[in-house]
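Report on the structure given below.
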């Protein structure tokens, strides 16, 4: 069974919680005690129907304030796939949370209220999904029941959204008219929208082809941990443990180790279950090389004729995530990319991107919480990176505040600074 | 070769990645091991992560003293088999030393007291990363917790002030005295756990499979008759064919009626069950809707 991770975005009013509740409920992923609990709460609140949105209510602080504080992860499975939902709230911290949710998603689901059409928030959500290179974007036009299931409403939203999406880097875009409240086209195809010939949302989630989304070309193996048992049975064993970050590795491959530049040959790729003939992302394996080379955490093993960019100067789109500090030129931060950490200096803040209009504001002095901008960094040691659009694992990094130790920024690498 | 991994292989790879990351970046990690199924899976993943070496950290059991004998036996055998060091942090000792005060009354439980013992042990042994087997599908408060869950000097969790966690990049930086709880199984569900136990043939304490036991009914749950609980008026013990879905303090962990005595039967039962694991079997979570949220903030697992 395959695993599909998707991120949802939308505000409370878009019916996102109801939609997730509906997916869980109709796919029979809700347990009786959970259902009893929300039925009781719905009655207490005077709702006329079982409020499925309550299923996704999390912390008491959130229930009291009627908001969602944070990304929540939810799980359900059908006989075809297992799903992990990163449920991101639509309120003020939207950008930070949606960036987080999208960073691991195969698919992003954006909700649009059929009555309101495309609003600023819809554009923002689509932009963030494209910035994070989420391979599939699904727009659910919700509350179709409130516009009499009118095809014209759906088609005009679809056309307008497609127009906007041409400005973005979206590879796969789909539209589904739904009513999360009534269940139309969520799990089962609706019988009141005969004009819609596509799949229900769940059917789409079960069938969308994700295997080709991974990078199987550029072999990248960041060394995470050096295994040296030093026991009698494995006296001279030295293996490099890590998670494949791209491409395919095979025993016999000629490889180069960065930063030293020494070359060797892969002798074996091992796991506790035995050796494997091929390793690809995101397999966690241990690589043994034919030669004794000094290799440590943070080094990268790759093919001789296909190497990442190596350098100390890089340009990236950075989303600022701290409400305690700003990102400013000359700031020094800790950068963590693959298994490598070092210090980084903000050399330049080239522009801030308006996530609603995509306008570039040049000449800004800082980025504040939830703002995204193009930044040039200089690092204390060389990093081995790829364009984020080519590889999400070797093209991403986080920035950490050196005093508070908080994660304050998320970066998507564009390339070496020109 | 289609370059696809099953969902269990994907989950395992993610958990191995997290486990190695902790071993690489922390000085004194420890893995919480109770003999419960989730901690058995977590330990199994850890042994795979460093194979052919042993996991480079000890395991710790926070022992309430209210144990099922079979589970303690299983714990000791497992630790011996894997050649690991076991740290036992004893709730009884915390009580004897006046660090924790025993609850009284027929519903008394040592569940909440474990927090004191756990935090004391972390401080005494200077552990800076503590692996726990919690899963996000278990409970509402857990659904919003990070894989790396930062704890301040008081061991507290602040749900409103969590570090963003992106891609497979984990930020383990902390000051002295602070620590990280790490949950490598965050993305697993109860069914995933059972399917993986079957796939990997992981040994579990026998109480997870159907057996005959003396039980009594309280608050709609079946509790085992043990020396640690006092029967209330009207509570009649009887023998029943049961198994446990979770293993915790014997005084507050409920059994379910079941004839599932093999892993296949347990998986079928789990796939068909209509009640959550904690809803069915944990008296501690029934205290209030926010029970877990409150305990987590105090520093609970």
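Worth pointing out:
- Residue in region A:291-306 that is at pLDDT 95 or above, touching a helix residue (DSSP H, G or I) at 6+ places or on another chain (Cβ under 6 Å), crowded, with 17+ Cβ neighbours inside 10 Å and within 27 Å of residue A:346 (Cβ to Cβ) present: yes
- The listed residues are B:227, B:159, and the only one of them that is assigned by TED's automatic domain parsing to the domain that holds residue B:114 and modelled with pLDDT under 90 turns out to be B:159.
- Meets criteria (in contact with a strand residue (DSSP E or B) (Cβ under 6 Å, 6 or more places away or on another chain) and within 11 Å of chain B (Cβ to nearest Cβ)) for residue A:268: no
- Subset of region B:66-81 [buried (at least 16 other Cβ atoms within 10 Å of the Cβ) and in contact with a helix residue (DSSP H, G or I) (Cβ under 6 Å, 6 or more places away or on another chain)]: B:68
- Applying the criterion of at least 2 residues that are over 30 Å from residue A:119 (Cα atoms) to the strands (runs of 3 or more DSSP E) found wholly in region A:304-418 leaves A:309-320, A:332-337, A:340-353, A:372-385, A:396-400, A:407-416.
- Selection count where residues are more than 10 Å from chain A (Cβ to nearest Cβ) and over 27 Å from residue A:319 (Cα atoms), scope region B:140-173: 4
- Only one of the numbered conditions (1) within 11 Å of chain B (Cβ to nearest Cβ); (2) outside any helix (DSSP H, G or I); (3) within 30 Å of the chain's Cα centre (by Cα) is not met by residue A:231, and that is (3).
- Checklist (1) at negative phi; (2) without any contact (Cβ under 8 Å) to a residue 12 or more places away in the chain; (3) within 14 Å of chain B (Cβ to nearest Cβ) applied to residue A:155, failing item: (3)
- Selection of region A:271-290 for residues being more than 8 Å from chain B (Cβ to nearest Cβ) and either assigned to a loop (DSSP other than H, G, I, E, B) or crowded, with 20+ Cβ neighbours inside 10 Å (or both) yields A:276, A:277, A:279, A:281, A:285, A:287, A:289, A:290.
- Region B:179-193 - residue that is in a loop (DSSP other than H, G, I, E, B) and at pLDDT 95 or above and, of those, nearest to residue B:130 (Cα to Cα): B:183
- Looking only at region B:3-19, and only at residues there that are at the interface with chain A (Cβ under 7 Å from one of its Cβ atoms) and over 15 Å from residue B:196 (Cβ atoms), the one that is surrounded by the most Cβ atoms within 10 Å (Cβ to Cβ): B:17
- Within this structure, residue A:377 fails the test of being surrounded by fewer than 16 Cβ atoms within 10 Å (Cβ to Cβ) and not assigned by TED's automatic domain parsing to the domain that holds residue A:224.
- Taken over region B:118-128, the criterion of being away from chain A (no Cβ under 14 Å) and over 15 Å from the mean Cα position of the chain (by Cα) is satisfied by B:119, B:120, B:121, B:122, B:123, B:124, B:125, B:126, B:127.
- Of all residues in region B:226-238, one or more are in contact with a strand residue (DSSP E or B) (Cβ under 9 Å, 6 or more places away or on another chain) and in a strand (DSSP E or B).
- Scanning region B:39-62 for residues that are under 20 Å from residue B:187 (Cβ atoms), buried (at least 22 other Cβ atoms within 10 Å of the Cβ) and in contact with a helix residue (DSSP H, G or I) (Cβ under 9 Å, 6 or more places away or on another chain) returns B:40, B:41, B:42, B:43, B:45, B:46, B:49.
- Residue A:247 falls short on exactly one of the conditions (1) over 30 Å from residue B:84 (Cβ atoms); (2) more than 12 Å from chain B (Cβ to nearest Cβ); (3) touching a strand residue (DSSP E or B) at 6+ places or on another chain (Cβ under 7 Å), and that condition is (2).
- Here B:183, B:216 are screened, and the one residue that is in contact with a strand residue (DSSP E or B) (Cβ under 9 Å, 6 or more places away or on another chain), buried (at least 18 other Cβ atoms within 10 Å of the Cβ) and within 13 Å of chain A (Cβ to nearest Cβ) is B:183.
- Filter pass, residue A:194 being loosely packed, with under 14 Cβ neighbours inside 10 Å, more than 23 Å from residue A:281 (Cβ to Cβ) and out of contact with any strand residue (DSSP E or B) (no Cβ under 6 Å at 6 or more places or on another chain): yes
Residue-by-condition table, conditions (1) under 23 Å from residue B:173 (Cβ atoms); (2) in contact with a helix residue (DSSP H, G or I) (Cβ under 9 Å, 6 or more places away or on another chain):
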site	(1), (2)
A:341	yes, yes
A:350	no, no
A:353	no, yes
A:357	no, yes
A:360	no, no
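- Residue list for region A:78-94, filter: within 11 Å of chain B (Cβ to nearest Cβ) and at pLDDT below 90: A:79, A:87, A:89, A:93
- Checked against (1) under 25 Å from residue B:249 (Cα atoms); (2) in contact with a strand residue (DSSP E or B) (Cβ under 9 Å, 6 or more places away or on another chain); (3) at pLDDT 90 or above; (4) within 13 Å of chain A (Cβ to nearest Cβ), residue B:202 passes all but condition (2).
- Set A:211, A:180: member being over 30 Å from residue A:307 (Cα atoms), touching a strand residue (DSSP E or B) at 6+ places or on another chain (Cβ under 9 Å) and at pLDDT below 95: A:180
The values are calculated or read from the model by the stated rules, or taken from the named source; none is laboratory data. Being a predicted model, the structure only gives us computed values, none of them experimental. Reconstructed Cβ throughout: ideal geometry from the backbone, glycine too, with neighbour counts over all protein chains shown.
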